[in-house]
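Colleague: Dumping the structure here so I can ask a few things about it.
The values are calculated or read from the model by the stated rules, or taken from the named source; none is laboratory data. The model shown is predicted, which means the values in this text are computed figures rather than measured ones. Glycine gets a Cβ as well: all are built from the backbone with ideal geometry, and neighbour counts include every protein chain shown.
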Amino acid sequence: MPALTLALAEQFAGIALGHVGREYPNKLDQVLTEAGDLASPRTLHPIFYGSFDWHSAVHSHWLLARVLRRAPSIASASAVRAWLDQAFTEANVAGELAFLARPATQGFERPYGWAWLLMLQAELEAHVGADGQRWTALMRPLARAFERRLVAWLPKATYPIRVGTHGSTAFALVLCARYAPFAEDQGLAAVLRATALRWYATDADCPAWEPGGADFLSPALIEAACMAELLPPDDFAPWFASFLPRLADGEPQTLFTPATVSDRGDGQIAHLDGLNLSRAWCFRRLARAAPTLALALEAAAERHLEAALPHLAADYMGEHWLASFALLALDGA
């Protein structure tokens, strides 16, 4: 099974350093309330202006922070440290907070960008060196702002969003669970668990009608990974057996077959490389939670990794984000 090596860590860091400061092309997520709202990406988002869109910039910074902690001896470590040092400043955080204070930003990047920002903060909180501790303290006000939005939104979210793209509520819960131990609200973990039960506890016999043509997440597997993250093992086992009852027989077969990517220059079709990577991440997570299925799930993870890893930088439509999902899969994040 492939794992995070120094060579791969160096490759991932190099890819991310190549686009975290690349302002254009850029896809803004913005509601304009007046003419003065128009501005350049870097003006609007002094930290997360690169990598094509805000959420990709966030998780590319997560990649850099994680690689620096997990593989500190890579040759580009000093470049990574220098980038994070100039990105995570009091003034830049204030700029990001100022954007959130604008009218009509309540739904900005909900829930995908929120979850990645909290995942980034959880990674920074794990750093023990002086640099990491400084970045952690500087970024904490921004994380707290998104935490407060999350806590206010979850009780109002009557229904889950069962998609393979940015709206996925299951994916958001998984990432937010990594942040919960560091949250200002000490009840956040319980809120996440209660929300997952409210949304997914009665789900059974998932048909797994996927992939869709623009999926980068498996709606079936990410829901299962969410429940594996948030349920005690004794509760997860019967739920999982009911949710995907024929998994031991290799069914639904569509889950075990890597997606075909016909055009990596098409931003939507290129999502399917991400689907293969995120499926590998889910398969590996589920293998730990369901040991009787571990061999089959690990084999499926390996097939999906083999299909996607050679293509991380095939085109900018994938290059600006795929390495983060490769790191999720390889490093068990």
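Colleague: Tell me which residues, restricted to the range 67-94, are aliphatic (A, V, I, L, M) and closer than 24 Å to Gly332 by Cα. Give the derivation first.
Modeller: Just the residues of the range 67-94 that are aliphatic (A, V, I, L, M), to begin with: 67-68, 71, 74-75, 77, 79-80, 82, 84, 87, 91, 93-94.
Those that are aliphatic (A, V, I, L, M) and closer than 24 Å to Gly332 by Cα: Val67, Leu68, Ala71, Ile74, Ala75, Ala77, Val80, Leu84.
Colleague: Report, by residue number, each residue of the range 216-268 that is more than 15 Å from Tyr200 (Cα to Cα), over 23 Å from the mean Cα position of the chain (by Cα) and hydroxyl-bearing (Ser, Thr, Tyr).
Modeller: Within the range 216-268, Ser262 is the sole residue that qualifies.
Colleague: Continuing with this model, one more query. When both residues are 6+ apart or on different chains and their Cβ atoms are under 8 Å apart, which pairs have a first residue that lies in the range 243-266 and is of a type in the set (Gly, Ala, Ser), and a second that is assigned to a loop (DSSP other than H, G, I, E, B) and surrounded by 13 or more Cβ atoms within 10 Å (Cβ to Cβ)?
Modeller: Final answer for the pair search is Ala259/Pro211; Ala259/Asp215; Ser262/Ile269; Gly265/Asp315.
Colleague: Still on this structure, I have one more. Report, by residue number, each residue of the range 114-131 that is free of Cβ contacts under 8 Å to residues at least 12 places away in the same chain and in contact with a His (Cβ under 7 Å, 6 or more places away or on another chain). Before you say what the answer is, go through the steps one by one.
Modeller: If we filter the range 114-131 for residues that are free of Cβ contacts under 8 Å to residues at least 12 places away in the same chain, which is where we start, we get 128-130.
If the condition is that a residue be free of Cβ contacts under 8 Å to residues at least 12 places away in the same chain and in contact with a His (Cβ under 7 Å, 6 or more places away or on another chain), then no residue fits.
Colleague: Then there's this: Is it the case that Asp266 is at pLDDT 95 or above, among the acidic types (Asp, Glu) and in a helix (DSSP H, G or I)?
Modeller: no
So that you can scan it fast, the table gives a plain yes or no per residue for (1) charged (D, E, K, R); (2) closer than 19 Å to Ala122 by Cβ; (3) free of Cβ contacts under 8 Å to residues at least 12 places away in the same chain:
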{"residue": "Thr165", "(1), (2), (3)": "no, no, no"}
{"residue": "Leu173", "(1), (2), (3)": "no, yes, no"}
{"residue": "Asp185", "(1), (2), (3)": "yes, yes, no"}
{"residue": "Thr202", "(1), (2), (3)": "no, no, yes"}
{"residue": "Ala237", "(1), (2), (3)": "no, no, no"}
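Colleague: Within the set of pairs 6 or more residues apart or between chains, which connect a residue that is more than 23 Å from His59 (Cβ to Cβ) inside the range 21-41 to a residue that is loosely packed, with under 12 Cβ neighbours inside 10 Å with Cβ atoms less than 6 Å apart?
Modeller: Pairs that qualify, where the first residue is more than 23 Å from His59 (Cβ to Cβ) and the partner is loosely packed, with under 12 Cβ neighbours inside 10 Å, are Thr33/Pro103; Thr33/Ala104.
Colleague: Which pairs turn up if I take residues in the range 318-333 that are in a helix (DSSP H, G or I) and look for partners that are surrounded by fewer than 23 Cβ atoms within 10 Å (Cβ to Cβ) and among the basic types (Lys, Arg) with beta carbon separation below 6 Å, at least 6 apart in sequence or on another chain?
Modeller: From the range 318-333, the pairs are Gly318/Arg264.
Colleague: Can you say whether Thr5 is over 22 Å from Leu309 (Cα atoms), more than 19 Å from the chain's Cα centre (by Cα) and at pLDDT 95 or above, as far as the supplied structure shows?
Modeller: No: the conditions fail for Thr5.
Colleague: Moving on. Tell me yes or no: at least one residue of the range 292-300 is assigned to a helix (DSSP H, G or I), under 28 Å from Lys27 (Cα atoms) and out of contact with any Asp or Glu (no Cβ under 9 Å at 6 or more places or on another chain). Walk me through it before giving the result.
Modeller: To start, the set of residues in the range 292-300 that are assigned to a helix (DSSP H, G or I) comprises 292-300.
Checking which are under 28 Å from Lys27 (Cα atoms) leaves us with none.
Within the range 292-300, not a single residue is assigned to a helix (DSSP H, G or I), under 28 Å from Lys27 (Cα atoms) and out of contact with any Asp or Glu (no Cβ under 9 Å at 6 or more places or on another chain).
Colleague: List every residue pair whose Cβ atoms sit under 9 Å apart, with the two residues 6 or more apart in sequence or on different chains, where the first one lies in the range 297-314 and is more than 16 Å from Thr254 (Cβ to Cβ) and the second, anywhere, is basic (Lys, Arg) and not in a helix (DSSP H, G or I).
Modeller: His311/Arg264; Ala314/Arg264
Colleague: With (1) touching a residue at least 40 places away in the same chain (Cβ under 8 Å); (2) hydroxyl-bearing (Ser, Thr, Tyr); (3) crowded, with 20+ Cβ neighbours inside 10 Å as the list, and Thr89 as the residue in question, which single condition is left unmet?
Modeller: The one condition Thr89 does not meet is (3).
Colleague: So Phe52 ticks every box in (1) surrounded by fewer than 18 Cβ atoms within 10 Å (Cβ to Cβ); (2) closer than 23 Å to Leu217 by Cα; (3) touching a residue at least 40 places away in the same chain (Cβ under 8 Å); (4) not small (Gly, Ala, Ser) but one. Which box is left unticked?
Modeller: With (1) surrounded by fewer than 18 Cβ atoms within 10 Å (Cβ to Cβ); (2) closer than 23 Å to Leu217 by Cα; (3) touching a residue at least 40 places away in the same chain (Cβ under 8 Å); (4) not small (Gly, Ala, Ser) applied to Phe52, the lone miss is (1).
Colleague: If I go through the range 158-189 residue by residue, how many of them are crowded, with 24+ Cβ neighbours inside 10 Å and assigned to a loop (DSSP other than H, G, I, E, B)?
Modeller: Number satisfying all stated conditions: 2.
Colleague: Here's a follow-up. Could you run through the range 271-316 and say how many residues are surrounded by fewer than 19 Cβ atoms within 10 Å (Cβ to Cβ), within 20 Å of the chain's Cα centre (by Cα) and of a type in the set (A, V, I, L, M)?
Modeller: Matching residues across the range 271-316 total 1.
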